[in-house]
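These notes are about the structure you will find just below.
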There are 4 protein chains.
Amino acid sequence: MIRTDLALEAHEVLLQTSQLPEIEGIKTQRQSMEGIDISVIDVASEAAAQKIGKSPGKYITIEAPELRDKNSQLEERLVGVLCQQLQTLFQLREDSTVLVVGLGNWNVTPDSLGPSVVEDMYVTRHMKTLYPEKIGPGFRNVCAIAPGVLGLTGIETGEIIYGIAQRLNPDLVIAVDALAARSLHRLNTTIQVSNTGIYPGSGVDNRRKGITQETLGMPVIALGVPTVVDAATMTNDVIDLVIQAMRDEADVGNNVTRIFSLLDNFEDADKHKLIQSVLDPEVGMLMVTPKEVDRLLTDISGILADSLNAALHPRVAQEYIN
Amino acid sequence: MIRTDLALEAHEVLLQTSQLPEIEGIKTQRQSMEGIDISVIDVASEAAAQKIGKSPGKYITIEAPELRDKNSQLEERLVGVLCQQLQTLFQLREDSTVLVVGLGNWNVTPDSLGPSVVEDMYVTRHMKTLYPEKIGPGFRNVCAIAPGVLGLTGIETGEIIYGIAQRLNPDLVIAVDALAARSLHRLNTTIQVSNTGIYPGSGVDNRRKGITQETLGMPVIALGVPTVVDAATMTNDVIDLVIQAMRDEADVGNNVTRIFSLLDNFEDADKHKLIQSVLDPEVGMLMVTPKEVDRLLTDISGILADSLNAALHPRVAQEYIN
Amino acid sequence: MIRTDLALEAHEVLLQTSQLPEIEGIKTQRQSMEGIDISVIDVASEAAAQKIGKSPGKYITIEAPELRDKNSQLEERLVGVLCQQLQTLFQLREDSTVLVVGLGNWNVTPDSLGPSVVEDMYVTRHMKTLYPEKIGPGFRNVCAIAPGVLGLTGIETGEIIYGIAQRLNPDLVIAVDALAARSLHRLNTTIQVSNTGIYPGSGVDNRRKGITQETLGMPVIALGVPTVVDAATMTNDVIDLVIQAMRDEADVGNNVTRIFSLLDNFEDADKHKLIQSVLDPEVGMLMVTPKEVDRLLTDISGILADSLNAALHPRVAQEYIN
Amino acid sequence: MIRTDLALEAHEVLLQTSQLPEIEGIKTQRQSMEGIDISVIDVASEAAAQKIGKSPGKYITIEAPELRDKNSQLEERLVGVLCQQLQTLFQLREDSTVLVVGLGNWNVTPDSLGPSVVEDMYVTRHMKTLYPEKIGPGFRNVCAIAPGVLGLTGIETGEIIYGIAQRLNPDLVIAVDALAARSLHRLNTTIQVSNTGIYPGSGVDNRRKGITQETLGMPVIALGVPTVVDAATMTNDVIDLVIQAMRDEADVGNNVTRIFSLLDNFEDADKHKLIQSVLDPEVGMLMVTPKEVDRLLTDISGILADSLNAALHPRVAQEYIN
């Protein structure tokens, strides 16, 4: 019901709803360091996956709320942290080939994260064959593509990637995408990495065909940042908060309190359906995004590209250390 | 309180709230033709302007809901209608000079309407001086600029336009901008033209300095299309509709009904404030926009540019007729 | 030696050099109509293909020099002509699937023709499956992709297209690309269509892997417009013309004439090599393009997209007729 | 005759032609440091200015040929050098206001340097007034605009800047622009800074109205990088080099040598006119640019923006030092 691409948020909702201290089959870990919070959620069983609504695997969430105010020292540290976390999810040989896929639509600012990261990737695969003398040791075979979205191509993105992966047979695929979050405060300041691939129905764009190890035949890392909140989800949350606030504020008698409980008991599913029917269905899916989205997106996209370049090319990593 | 740039919507709210059949000092007219509705709202007095929260002047609203589904015949008719309506608002000599200003940020899709229209303007002012032989009769002196937004330039847009208008001394300024609407169904399918200029604080971007006849010294036409809904306004409306829907559906007793009246009586201003405090204030202003915004924007921007070109250049108008 | 992607120009050079009235195995046809010239060159044998340096097949060249001066009536007629010529090269069933490929780099203006045409294609393949009710009869299954260039992706474009074509198995592939011409006056005003696919080493970008019926297993139409002239080729031609002009003008004695003959006899191949060694080799391949390239490209890209949409979708064609 | 925006190249030509060891009224200085060459040319008298075809003032040229091969250490050192050189040309108070102007057309890759630098400027002027708490000490009032080119706006760029400068009254204007060089090897690897403003008729785009201290009333720094070579100039140079090479190689008798002298004596002006008449005049001005122009431009534009940000904001400079 709750539309979020972040396992962290899905887990929060699950704990709240079930009123349990923890969910069976889901292990979590937390770590903090000067403005950067790292959470690891391990969805170990198929049953747990069902409950949380995410596929089994490891989800790493990195939160850095102060990113909102341009802070170049925080950005640099974040590149180091993300690079390290990425490397916990895969193992590469010196001569491994990696395909980076930038999902999303370059014409819609909040959906352009993937293509934007691809533009900044240090692409080397062709140089190794064509100009081996121009490229020293310490660089892996990296290639990258931003295939566009279904509405522009008429082809499911999963089909395009499947076709290319069949041809290139890379050792690893990394799919970068803009995500939808539930909480506004996570927009553009939270990064999620997982080893689960990217599944149907998520993201700003409804992409039905999974880009996963199962469909492609090689490990798939998903890397994303929430850039929008689904309008129906946001409204739902706001209504809950407003009811809460009204109840706290309103100096009202017993009857009122009873009614509010009634409102609360109104099934979440029904409320959500109601909201969606109220939001004009003809307009199609609506997204909520901050006005400053372009600057925030440029910043976070640079951080992702720098981290990926360092995680894939030992020489780039070394330069950062120096 | 209600954030809308459309005089039509502000008028609707005013009528609803005051429960009057009409507002003193505001004249309205309506006209329909095969899928296109034209409303003219004339705010005649300063007192009426205060009430409706818009400056005195004439506001023409053209609605074509079927634009959402690509319809090239409707688009062509709409160009004719808009051209005609534009021409009711100004009178030009054969040798008049017109400055078209594209407000907004080209990096943020829903705010890029102005710059996008400017790119498609048939610009002639320099040709008349430099290559008079390349340009026949039937073309007015048209020049155009997309100055960018405050966050990119550090300069109030009004100051930039003032500086340029002082220098060029055009006979007419036309300012094109993306607007904020209240109703989702008006996004990208409604056009507003007015002879009032553009006032501080409206639009996606908060621009404080008016671009008006008063500040510039020459008539200013404002031309805009709503491309976003302010998130707080939308949530507010949705809550009202949800309450309405719950009341209709819920099989509840008398007490409940009383409470709902209580909810209704909750002052609108307070409710809006509540919502805004609930929406994360650190994220800044939020906008709601359909996922398909890029395609819708390309279409409507082409319609505006074609209409302006025809309204300003008799030769272009003639070509349309042939 | 002479770098041109136009069969028309290669044929001209061949006739000039061999001083023959026609080349065995090459049939030509010409046709003119109010500002539009159509030439058809049929390279029938492998031997003729060797001589002209183009693969066997049919090359249709459409020239409209007056395109340079914005002329909307000429543009409309050109769409009709190109649509008709395209349809002489393929036969489609009602339910055929067509993949349009936009080759080239969207970041380099003269190389952005392919991606720009793809953006304006009327893409329908996904709608037929997902929203069959939204699309009436008279539309074929069209999908489109702009895969980027080797330097951005690290993957040969031919490999990407091969992978996708294997997956989608379309009935026809149409590859759109910016071309290199020899003559400056053909830039942005000449269109070449052929049924030969696109071959290695041509275009602005050196793409080595052919996109042809042979490699893909289905017919491949190539559609292109010259947008650049290779700098070495241009310089070579200019030197010839300058020598010619000097000889005509110079009031010089016999000795001089003899020397000029000597200059003429200087082997073309050697002269070309000389020029290339003189052009700084470190700078890489140089391209010559008019300053106004962006406007010219927008215009011609619109013409190609309109023609393709009409040639592929009977309903679009019909609308043009009405 | 020779079309170059670089004072360094104009000076070279002048020395060559006049066969003098130095030109009266022109002082030069040279300095080298690990892959970076700095030349300072001081045009002290009006007479010298006439001779060299550049206005009186100081021209600093920074050459770093190895920029062509991505070299991040060289880039960092270059930012330091350029920042230092910029600061030799102006003196600012703590509360000075600086207007950065990005000249050129964002739609044409080699002409997009100015707008691209403007996008990366750290703009602060509005924050100082609107959100003084968000900006600490160590930041000057910087604003920036990319006004577009004559063909897009119909307004001379000089007029736009004049209008804005009249309104804002900045203490300093910095105009960034793409330049035309004579030598291909200087493309995208050479930076010129001068205190002379930018003069009519130079650059990729013919801008007639000077942006200078004389027209604006405040100091104007010009900052540019050559991104194109004019096609006529290039051809001219190539012909000279080819003649030279042919003479060296050709085993020819006395007569030939005499003729070649004749060719040499052919007046440069005439030869240039001849070439221009041979290059199709209808195509308009032609530019020569490397195929990789987009990558080279992104790199150099980042270097200019970083240097300007450091030169204008003491806090940014300090961060670089740390």
Point to revise | Residues of segment B:116-140 satisfying the condition of being within 16 Å of the chain's Cα centre (by Cα) and farther than 15 Å from B:Leu179 by Cβ | key: B:Val118
Practice item. Restricting attention to strands (runs of 3 or more DSSP E) lying wholly within segment A:1-79, give those where 3 or more residues are closer than 21 Å to A:Val117 by Cβ. Key: A:57-63
Review point. In segment D:2-28, which residue that is of a type in the set (Val, Ile, Thr) and modelled with pLDDT under 90 is least open to solvent (accessible area, probe 1.4 Å)?
Key: D:Thr4
Revision key, fill the gap. Expected single match for more than 17 Å from the chain's Cα centre (by Cα), closer than 19 Å to A:Ser301 by Cβ and among the charged types (D, E, K, R) among A:Glu63, A:Glu46, A:Glu75, A:Glu22 is A:Glu75
Check your understanding: Within the group A:Gly163, A:Gly102, A:Gly158, A:Gly138, which residue is within 30 Å of B:Asn107 (Cα to Cα) and touching a Lys or Arg at 6+ places or on another chain (Cβ under 8 Å)?
Key -> A:Gly158
Review point. Which of (1) in contact with a Lys or Arg (Cβ under 8 Å, 6 or more places away or on another chain); (2) modelled with pLDDT under 80 is the odd one out, the single condition B:Asp299 does not satisfy?
Key: (2)
Practice item. Please enumerate the residues belonging to segment D:64-88 that are within 14 Å of chain C (Cβ to nearest Cβ) and open to solvent by less than 60 Å² (accessible area, probe 1.4 Å). Key: D:Ala64, D:Leu67, D:Arg68
Exercise for review: Among residues belonging to segment A:89-132 that are free of Cβ contacts under 8 Å to residues at least 60 places away in the same chain and outside any helix (DSSP H, G or I), point out the one that is most open to solvent (accessible area, probe 1.4 Å).
Suggested key: A:Gln91
Exercise for review: Could you please find all residues in segment C:146-162 being farther than 15 Å from C:Gly210 by Cβ and in a helix (DSSP H, G or I)?
Suggested key: C:Gly151, C:Leu152, C:Thr153
Point to revise | Residue list for segment B:29-61, filter: of a type in the set (Asp, Glu) and either touching a helix residue (DSSP H, G or I) at 6+ places or on another chain (Cβ under 9 Å) or surrounded by 12 or more Cβ atoms within 10 Å (Cβ to Cβ) (or both) | key: B:Glu34, B:Asp37, B:Asp42
Point to revise | Index of the failed condition, B:Leu150 passing every other in (1) under 21 Å from B:Leu86 (Cα atoms); (2) aliphatic (A, V, I, L, M); (3) touching a Ser or Thr at 6+ places or on another chain (Cβ under 7 Å) | key: (1)
Exercise for review: State all residues of segment D:182-194 that are surrounded by fewer than 24 Cβ atoms within 10 Å (Cβ to Cβ) and part of a loop (DSSP other than H, G, I, E, B); if no residue qualifies, say none.
Suggested key: D:Arg182, D:Ser183, D:Thr189
Revision key, fill the gap. Note: among A:Asp171, A:Asp111, just one is of a type in the set (Asp, Glu) and more than 25 Å from B:Val293 (Cβ to Cβ), namely A:Asp171
Practice item. Tally the residues that are of a type outside the set (A, V, I, L, M) and in contact with a helix residue (DSSP H, G or I) (Cβ under 6 Å, 6 or more places away or on another chain), restricting the search to segment A:12-28. Key: 1
Study note, to complete from the structure: The condition from (1) part of a helix (DSSP H, G or I); (2) open to solvent by 10 Å² or more (accessible area, probe 1.4 Å) that B:Leu179 misses is numbered (1)
Review point. Which ones in segment C:103-132 are among the aliphatic types (A, V, I, L, M) and away from chain A (no Cβ under 11 Å)?
Key: C:Leu103, C:Val108, C:Leu113, C:Val117
Practice item. Among residues belonging to segment B:133-151 that are in contact (Cβ under 8 Å) with a residue 60 or more places away in the chain and more than 10 Å from chain D (Cβ to nearest Cβ), point out the one that is most open to solvent (accessible area, probe 1.4 Å). Key: B:Pro137
Revision key, fill the gap. Picked from segment B:310-322 (must be open to solvent by 10 Å² or more (accessible area, probe 1.4 Å), over 12 Å from B:Gly138 (Cβ atoms) and outside any loop (DSSP other than H, G, I, E, B)), the residue modelled with the highest pLDDT is B:Tyr320
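The values are calculated or read from the model by the stated rules, or taken from the named source; none is laboratory data. Nothing here was measured: the structure is a model prediction, and the numbers come from that model. Cβ coordinates were reconstructed from backbone atoms using ideal geometry, including for glycine residues, and neighbour counts include every protein chain displayed. Calculation scope for accessible area: heavy atoms of the full protein, side chains included, ligands and nucleic acids excluded. Shrake-Rupley method; radii C 1.70, N 1.55, O 1.52, S 1.80 Å.
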